[in-house]
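The values are calculated or read from the model by the stated rules, or taken from the named source; none is laboratory data. Computed from a prediction, not measured in an experiment: that's the story for all the values here. No Cβ is skipped: glycine too gets one built from the backbone with ideal geometry, and neighbour counts run over all protein chains shown. Protein only, heavy atoms only, side chains kept; ligands, DNA and RNA dropped before computing areas. Shrake-Rupley method; radii C 1.70, N 1.55, O 1.52, S 1.80 Å.
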Amino acid sequence: MGRRDLLLVQMDQAYERLRRRLDGLGEDEYFWEPVKGCWTIHRDETGRWVTDYAFPDPVPAPVTTIGWRFVHIADCKVMYHDYAFGARRLTFPDLIPPSTVRGALERLDEGQRLLRSDLIGLEADQLDQPRLTNWGEEWPAWRIFWAMIDHDLHHGAEIGCLRDLYRASGVEDAAATRREIRSGQRLKV
């Protein structure tokens with residue numbers, strides 16, 4: 001088995017593991033804030049959906065919601081594809097965060113489909129050719145895919161842990177009515 005095929009197997013396995021961790025994710029769980037001051041996705045004062053972010057990251061970085069991590073994984077896939085194999089035009093503000101689990105799943109699946117197609121389209125000798133990252137650094141093509149494999153495993157494990165905490169918190173058992181998220185308001189549980 002060649003390097004490209006090994007990367008493809010790893011990419012598929014990491015993605016399948018991530019997707020299993022997202023099975024049954026509900027909207028309340030997507031927005032659940034396990035501690036005060038979480039980074040999340042929410043409407044800003046104009047009503048636009050935004051992702052909390054700062055550059056450089058604060059030290060220590062805030063705890064993030066499942067939705068934040070989920071959108072982060074999906075957006076990174078789209079960005080890595082765009083800069084390494086696409087038009088090189090996207091910026092993170094261009095990627096309005098999905099406000100629903102279904103929307104996030106669609107973006108995640110699309111990002112995975114794009115990257116998988118990019119990898120399948122490469123010949124073995126192209127794996128070492130430089131590709132651009134969204135921050136301007138060039139990496140060999142294989143490293144783009146390796147980073148996304150690691151990204152799926154890393155953040156997927158965090159999502160799994162947060163989902164365990166959500167279940168253990170008893171929040172999912174509480175009788176809850178559907179909450180409307182208004183402009184500038186975050187879902188507090």
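Between Asp164 and Asp52, what FRET efficiency follows from the Cβ-Cβ distance if R0 is 35 Å, with the result rounded to 0.05?
0.95
State, to one decimal in nm, how far the label point of Val9 lies from the label point of Val171, with both points 7 Å from Cα in the Cβ direction.
Taking the simple label geometry, Val9 and Val171 are separated by 3.9 nm.
Would you look at the GNM of the chain, springs on alpha carbons closer than 10 Å, and say which of Gln129, Gln112, Gln13 moves the most?
It is Gln129.
Could you give the accessible area per residue of the chain, probe 1.4 Å, as a whole number in Å²?
In whole numbers, the chain has 55 Å² accessible per residue.
Can you pull the percent of the stretch 96-163's accessible area that's carbon plus sulfur, 1.4 Å probe, other chains left in place?
That share works out to 53 percent.
Please report how far the C-alpha centroid of the stretch 70-148 lies from that of the stretch 22-37, rounded to the nearest whole angstrom.
About 25 Å separates the Cα centre of the stretch 70-148 from the one of the stretch 22-37.
Report the residue, chosen from Tyr83, Tyr53, Tyr30, that carries the largest GNM mean-square fluctuation when the chain is represented by alpha-carbon nodes joined by springs under 10 Å.
Evaluated over the chain, the most mobile residue of the options is Tyr53.
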